[in-house]
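Participant: After the structure tokens below, expect a handful of questions from me.
What follows is calculated from the coordinates using simple rules that are stated; it is not laboratory data. Keep in mind that what you see is a predicted model, and the values were worked out from it rather than measured. As a convention, Cβ positions derive from the backbone with ideal geometry for all residues, glycine included, and neighbour counts pool all protein chains shown.
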Amino acid sequence: MTTQRNHRLLRTAALLIGLLGLLPMSASAMHIAEGFLPAGWCVVWGAVCVPFVAAGFLSIKKKVEMAPRAKILLAMCGAFAFVLSALKLPSFNGSCSHPTGVGLGAILFGPMTMAVLGLIVLLFQALLLAHGGLTTLGANTFSMAIAGPIVSWLVYKLLRKAKAPAPVAVFAAAALGDLFTYVVTSFQLGVIDGGMARYLMVFAVTQIPLAIVEGLLTVVVFNVLEKYSKTELEALCVL
Amino acid sequence: MKVWQKNLILIVLAVAIAALPLWLLPNAEFGGADGQAEEVVQELNPGYQPWFEPILEPASGEVESLLFALQAAVGAGIVGFVLGRITKKPGGKDES
């Protein structure tokens, strides 16, 4: 009980200092925090992730064989997710969260690949930054590295089928994938004790402007790729 | 329109959307959404105790911001490197 109280006090103190602008917001942004998911659910989400991550390794191998010169783009997609998930941005409801950056990789390499890259990003943040956590790694991997990328990939493919211009499809795919990640996070917390709507208010509503930002930045990178890396994009069946 | 012109507009737009809340809500706290979620957990299930603690916690807000900056810097470095490679002029010396 005392540790919990201490945490409360610490967080309040950090908030106050943060308000004074002395410290960049301490009580970090998104992901389910360490220890905040009952053990049973940690195991469930972890188990759900295993086949996707395994499929991810196979998918990476296949894509690299398909388009050997795209390997460098794979590195870039991972790095892009690294950058975007380090940027905590303010939102219109007065709180902060960060984009995921996984939409770009999902569009270029398919959703399974991102299960691996997203896991790496989450592991880094859980181990070094105390952001997210090891016990909640499965749940966070499922929302950010599996569910989000699947939505991005589907939206991109569907819009392209419907003859939407590539940048428009990229924008919608990245933004909706980002948003869906947090819808899943809300669901993961909401199934435990209810309160889905409240979690959606906290996570998904915060995320709306950030999803738009992520969509725009993904289009920026995509525009460059479309001009200079057309052959690789064609080899990966993106265009 | 050239690619860099299009991208400049997109980047300005992204920065504007990110900065707008700061200007519109001068008194907001801008705390983390995950911290708020922790509070909702405590409210719905008042006895809930986090059952696992982070193994390594950044020693202070400064150290944490260092690590976040590092994460962004490493990522941006790689993105920049790759974009530099794929946009290099065709006739330029290739040393790889």
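Participant: Report, as an integer, the average count of C-beta atoms from other chains found within 10 Å of each Cβ along A:201-211. List each step's numbers first, then the result.
Facilitator: Values: counts 3, 9, 5, 1, 1, 4, 1, 0, 5, 3, 0.
Partner-chain Cβ atoms within 10 Å, mean over residues of A:201-211: 3.
Participant: Give the average, rounded to an integer, of partner chain Cβ atoms located within 10 angstrom of each Cβ in A:33-39. Mind dumping the intermediate values first?
Facilitator: Values: counts 9, 7, 8, 10, 4, 3, 2.
For this peptide, the per-residue mean of nearby foreign Cβ atoms is 6.
Participant: Quick check: the angle from helix B:33-44's long axis to the longest principal axis of chain B, C-alpha only, nearest 10 degrees?
Facilitator: 20
Participant: How do A:I208, A:I146 line up, fewest other C-beta atoms within 10 Å first?
Facilitator: Numbers: A:I208 15, A:I146 28.
Ordered from fewest to most neighbouring Cβ atoms within 10 Å, A:I208, A:I146 come out as A:I208, A:I146.
Participant: Name the lysines eligible as straight-distance cross-link partners of A:K88: C-alpha to C-alpha under 18 Å, and not fewer than 8 places from it in the same chain.
Facilitator: none
Participant: Label points 7 Å out from Cα along the Cβ direction at B:F52 and A:V50: separation in nm?
Facilitator: Reported label-point gap for B:F52 and A:V50 is 1.5 nm.
Participant: Note the angle between two axes, namely the Cα long axis of helix A:71-84 and the longest principal axis of the Cα atoms of chain A, as a number of degrees from 0 to 90, rounded to the nearest 10.
Facilitator: 30
Participant: Let me ask something else. Per-residue mean of other chain beta-carbon atoms within 10 angstrom of the beta-carbon, peptide B:18-30? Walk me through the numbers on the way to the answer.
Facilitator: Values: counts 10, 2, 4, 10, 2, 1, 3, 5, 0, 2, 8, 10, 12.
Mean inter-chain Cβ contacts per residue within 10 Å come to 5.
Participant: Here's another thing I want to ask about it. What ratio of Cα Rg to 2.2 N^0.38 Å holds for chain B? Write out the running numbers ahead of the final one.
Facilitator: Values: Rg = 21.4 Å, N = 96, 2.2 N^0.38 = 12.5 Å.
Against the empirical 2.2 N^0.38 Å value, I get 1.72 for chain B.
Participant: Among the lysines, which have Cα under 22 Å from the Cα of A:K161 when same-chain residues fewer than 8 positions away are ignored?
Facilitator: Straight-line reach from A:K161, under 22 Å: A:K63, A:K227, A:K230.
Participant: Convert 4 °C to kelvin, take the viscosity as 1.567 mPa s, use the Kirkwood radius over C-alpha pairs of the protein assembly as shown as Rh, and evaluate the Stokes-Einstein diffusion coefficient in µm²/s, rounded to a whole number.
Facilitator: Details: Rh = 20.3 Å.
Rounded to a whole number, D works out at 64 µm²/s.
Participant: Still on this model: Under unit Cβ charges (Lys, Arg +1; Asp, Glu -1), what dipole magnitude, rounded to 20 debye, does the protein assembly as shown have relative to its Cα centre?
Facilitator: Details: 22 positive and 19 negative charges, 304 e Å.
Approximately 1460 debye in magnitude.
Participant: Using the per-residue mean of other Cβ atoms lying within 10 Å as a proxy for protection, in what order, highest first, do the peptides B:4-12, A:199-207, A:151-159, A:48-56 fall?
Facilitator: On the way: B:4-12: 13.7, A:199-207: 24.0, A:151-159: 21.0, A:48-56: 17.1.
Ranking, from highest mean packing down: A:199-207, A:151-159, A:48-56, B:4-12.
Participant: In which sequence would A:D193, A:D178 go, from the one with the fewest C-beta neighbours within 10 Å to the one with the most?
Facilitator: On the way: A:D193 14, A:D178 30.
Ranked by crowding around the Cβ, least crowded first: A:D193, A:D178.
Participant: Taking R0 as 22 Å, what's the FRET efficiency between B:F81 and A:L123 from their Cβ-Cβ distance, rounded to 0.05?
Facilitator: Working: r = 23 Å, r/R0 = 1.03.
The formula returns an efficiency of 0.45 here.
Participant: While we're looking at this one, here's another question. In nm, give the distance between the simple-model label positions of B:L20 and A:K163, each being 7 Å from the Cα along the Cα-to-Cβ direction.
Facilitator: 3.2
Participant: Same structure, new question: Specify which residue in the list A:F180, A:G215, B:L8 is farthest towards the positive end of the charge dipole of the protein assembly as shown, using unit charges on the beta carbon of Lys, Arg (+1) and Asp, Glu (-1), about the Cα centre.
Facilitator: B:L8
Participant: I've got another one for you. Helix A:2-19 versus the longest principal axis of chain A: what angle, 0 to 90°, nearest 10, using Cα atoms?
Facilitator: Once rounded, one gets 70 degrees.
Participant: Here is a follow-up. For B:G31, enumerate residues with amide H under 5 Å from its amide H, sequence gap 5+ or separate chain, H modeled in the peptide plane.
Facilitator: A:C96
Participant: State, to one decimal in nm, how far the label point of A:V191 lies from the label point of A:A39, with both points 7 Å from Cα in the Cβ direction.
Facilitator: The two pseudo-label positions are separated by 2.0 nm.
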